[in-house]
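Let me begin by presenting the structure, written as structure tokens, before commenting on it.
The values are calculated or read from the model by the stated rules, or taken from the named source; none is laboratory data. Just so it is clear, the structure is predicted and the values come from calculations on it, not from any experiment. Cβ atoms come from the backbone with ideal geometry, glycine included; neighbour counts cover every protein chain shown. Calculation scope for accessible area: heavy atoms of the full protein, side chains included, ligands and nucleic acids excluded. Shrake-Rupley method; radii C 1.70, N 1.55, O 1.52, S 1.80 Å.
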Amino acid sequence: MAGLGVNIDHVATIRQARRTVEPDPVWAAVEAELGGADCITFHLRKDRRHINDRDARLLKQTVRGKLNMEMSLDEEIVQIALELKPHQVSLVPENRQEITTEGGLDVVAHAERMADVTRRLADVGVLVSAFVDPVPEQILASSAAGCHAIELHTGTYANATLPLDGSNPVQAEIDRTIEDLATGLKAGLDAGLIVHGGHGLTYQNVKPIAAIEGFDEFNIGHSIIARAVFAGLQDAVAEMKNLISLAIVE
Ligand code: PXP
């Protein structure tokens, strides 16, 4: 059964809307773990738009399970990760204009830098995952760069289930994106990689992806925090974990 990583950046985004001290993403991490989260994921962006250095430090001291730091290949952030030593880093592309991470990392284009950063992090005991589109060349390049894991970008699937332009979902398009993810999963496993998935997954669309055997973990943020506004974070996390764990059995 795949685990659940809860992305708590969205709690920090609410805090930063008022430049105040609440809600605290570190508190959110504790609530998420009490709700059954297997992993806490945070993204320390170069522009510190949500999570900041204080959060990263306290998360490291507070989180009892796995801590996953999303980050770009920027050297300042690499240095912080080398000192912080989370269990895992997820290398992602970062673009100042974006609302959230757009598209997977182009590991083929950044092969040399990826190999360098991965080696330095592995040397201090940090697992390295690359956030990639379900494209075989990117998956093989991640393996060649020394990554231990990949996170397959589920955003294309998510957009097919809830088209951004408000049009009705097309089942054939959804099926095609599921097939791409299944093929990517197989390519990752065949290359000896741990395979995670994430981005845009919701209570409504997670099941068909969670039903594919072989994923190690799903990283989910926005949908869980959105539900937590009404249900509380512990319950929101427990509900998502339940959906994931039942998906393969059903
Ligand atoms: N995985 C990665 C690499 C991400 O960048 C994000 C968004 O921060 C997520 C998963 C979670 O996406 P969402 O908030 O849409 O669930």
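Matching residues to (1) among the hydrophobic types (A, V, I, L, M, F, W, C); (2) at negative phi; (3) out of contact with any helix residue (DSSP H, G or I) (no Cβ under 8 Å at 6 or more places or on another chain):
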| site | (1), (2), (3) |
| --- | --- |
| S72 | no, yes, yes |
| V89 | yes, yes, no |
| G103 | no, no, no |
| D106 | no, yes, no |
| H110 | no, yes, yes |
| M114 | yes, yes, no |
| T118 | no, yes, yes |
| D123 | no, yes, yes |
| S129 | no, yes, yes |
Of all residues in region 130-150, which are touching a strand residue (DSSP E or B) at 6+ places or on another chain (Cβ under 6 Å), within 17 Å of L181 (Cα to Cα) and open to solvent by 10 Å² or more (accessible area, probe 1.4 Å)? D133, P134, Q138
What are the residues in region 185-205 that are more than 16 Å from the ligand (Cβ to nearest atom) and out of contact with any helix residue (DSSP H, G or I) (no Cβ under 8 Å at 6 or more places or on another chain), if any? K186, L189, D190
Among the numbered conditions (1) modelled with pLDDT under 95; (2) closer than 20 Å to A12 by Cα; (3) hydrophobic (A, V, I, L, M, F, W, C), tell me where F230 comes up short. (1)
Being open to solvent by 50 Å² or more (accessible area, probe 1.4 Å) and either within 14 Å of the ligand (Cβ to nearest atom) or not in a loop (DSSP other than H, G, I, E, B) (or both) is the filter here, so list the residues in region 206-240 that pass it. K207, P208, D216, H222, R227, V229, F230, Q234, D235, E239
Name every residue in region 241-250 that is within 16 Å of the ligand (Cβ to nearest atom) and either within 23 Å of G184 (Cβ to Cβ) or β-branched (V, I, T) (or both), in order of residue number. L243, I244
Going by what's in this entry, would L91 be described as within 21 Å of T154 (Cα to Cα) and aliphatic (A, V, I, L, M)? yes
Checking K85, K46 in turn, the sole residue that is open to solvent by 60 Å² or more (accessible area, probe 1.4 Å), in contact with an Asp or Glu (Cβ under 8 Å, 6 or more places away or on another chain) and over 17 Å from D216 (Cβ atoms) turns out to be K46
Any residue in region 203-219 that is under 13 Å from N242 (Cα atoms) sitting within a Cβ distance under 9 Å of a residue that is surrounded by fewer than 19 Cβ atoms within 10 Å (Cβ to Cβ) and hydroxyl-bearing (S, T, Y)? List the pairs, counting only those 6 or more apart or interchain. A210/S245
Restricting attention to region 1-49, the residues that are outside any helix (DSSP H, G or I) and under 16 Å from K241 (Cβ atoms) number exactly 15
Count, please, the residues in region 50-69 that happen to be in a loop (DSSP other than H, G, I, E, B) and open to solvent by 10 Å² or more (accessible area, probe 1.4 Å). 5
